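Below are the structure tokens for one structure; questions will follow.
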Amino acid sequence: MKSAEQLCRACGLCCDGTLFDLVKLEAGDDAAQLQSLGLPVKFSRGRTPVARFPQPCAALCADRTCRLYAARPWQCRTFECKSLKEAKAGRITFTSALKLVKQARRRADAVRRLLRALGDTDEHRALGERFHRTSERLEAGTDDEAAKAIFADLSLAVHQLKLLAHDKFYTKAEHSPPEP
Ligand code: SF4
Ligand code: SF4
């Protein structure tokens with residue numbers, strides 16, 4: 001493992017709904033063009049509408065490349081996670097960064113498995129959104145003791161993913177993973 005491209009091709013966490021629920025467009029981004037290229041860009045209501053599209057991103061390919069690479073929006077062009085930055089600066093090796101990516105992917109997979117065990121099979125939504133929905137459903141009341149036990153495991157798995165994400169991936173306070 002020697003390059004940023006190889007690392008990101010082994011990862012995809014900043015596009016697949018693990019680290020982010022959505023991508024916000026900025027002033028220089030062309031919402032209409034991105035829509036025409038297949039991204040489901042929507043505008044929030046309110047005085048200053050914000051254009052955004054959900055993750056997992058519709059442009060993410062199976063090999064974890066971006067189908068819209070040349071036209072990708074500002075957030076995508078500028079985001080580099082902490083581990084990638086550290087590796088590019090030579091403070092850690094790319095091999096060490098890959099180990100962190102694999103650890104984060106395992107933790108995200110554990111969250112997905114537990115969500116599925118609780119009946120959420122909606123793989124087209126971001127992990128944070130799925131966790132909130134499942135939390136709301138179960139906190140509304142269930143007598144199912146097995147489901148309660150799985151939910152406790154899920155909360156712990158989300159917490160462990162969040163710790164690693166904050167420690168090794170997020171670079172800004174506003175980038176929020178799922179809340180346990
Ligand atoms: S989370 Fe980091 S290593 Fe993974 S694809 Fe994004 S920038 Fe690359
Ligand atoms: S547009 Fe490309 S870089 Fe941006 S989230 Fe989607 S797949 Fe990732």
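Per-residue ellipticity at 222 nm for the chain, helices alone: DSSP H runs ≥ 4 residues times -39500 (n - 2.57), over residue total, nearest 500 deg cm²/dmol?
The per-residue figure over the chain is -14500 deg cm²/dmol.
Specify the residue with the greatest mean-square fluctuation among Thr134, Thr78, Thr121, computed from a Gaussian network of the chain linking alpha-carbon atoms under 10 Å apart.
Highest fluctuation of the listed residues: Thr78.
Once the range 4-168 is represented by equal point scatterers at the alpha-carbon sites, with solvent omitted, what log10 I(q)/I(0) does the Debye formula produce at q = 0.09, 0.14, 0.16 Å⁻¹?
Computed log10 I(q)/I(0) values: -0.36, -0.82, -1.01.
Longest exposed-loop-site-free stretch of the chain, with GluC sites (Glu not before Pro), DSSP loop and at most 13 other Cβ within 10 Å?
Longest gap between qualifying sites, sites excluded: 27-122.
With charges only on Cβ, +1 for K and R and -1 for D and E, what is the dipole size of the chain about its Cα centre, in debye, rounded to 20?
So the magnitude is around 720 debye.
Oh, and also: Which length gain, in nm to one decimal place, applies between Leu37 and Asp109 when the Cα-Cα distance is subtracted from 0.36 nm times their residue separation?
Full-extension gain reported as 23.0 nm.
Any read-out appearing in this document is the output of simple, stated calculations on the displayed coordinates, not a laboratory observation. Small disclaimer: the values here were computed from a predicted structure and weren't measured. Note that we place each Cβ from the backbone using ideal geometry, even for glycine, and neighbour counts take in every protein chain shown.
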